[in-house]
Amino acid sequence: MAGVAVDKSKGGYALIVERFPGKKEAVERLFECNESFQSMCEEYEACLAALRYWRESSLPEAPDFRNEFSSLLGELEEEILENLNREIHDCSAANGASDEK
């Protein structure tokens with residue numbers, strides 16, 4: 001995907017930047033070059049939309065769905081954060097290695 005412009009208005013990019021504002025550069029790098037990360041962002045966006053829907057619902061099954069989507073959202077946030085921290089670490093290590101030369 002290198003050299004291909006990614007539409008950051010889609011796929012949950014803005015939501016992830018909003019959720020993790022201090023990691024915007026890592027979000028941008030991963031979103032541009034990592035399809036797996038893009039998929040996680042899309043899943044996050046879909047999960048958040050579902051959670052918002054069920055929060056507004058008065059259907060009898062709404063509490064169960066709210067709990068389920070809330071739990072799933074937390075798991076996605078953890079996975080996304082792990083990827084972001086790994087990207088930051090990898091970038092720092094690469095910059096350190098190039099500084100040593």
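For region 52-57, backbone phi angles converted through the Karplus equation (6.51, -1.76, 1.60; θ = phi - 60°) give residue-by-residue couplings of 4, 4, 6, 5, 8, 7 Hz, Gly and Pro being listed as x.
Both radii come from the Cα set of region 13-100: Rg as radius of gyration, Rh as Kirkwood radius; their ratio Rg/Rh reads 1.13.
Projected label points at E28 and N85, each 7 Å from Cα along the beta carbon direction, are separated by 2.4 nanometres.
Every number in this text was worked out from the coordinates using simple rules, so none of it is lab data. Model, not experiment: these values are computed from the prediction. In this analysis, Cβ positions are derived from the backbone assuming ideal geometry, glycine residues included, and neighbour counts consider all displayed protein chains.
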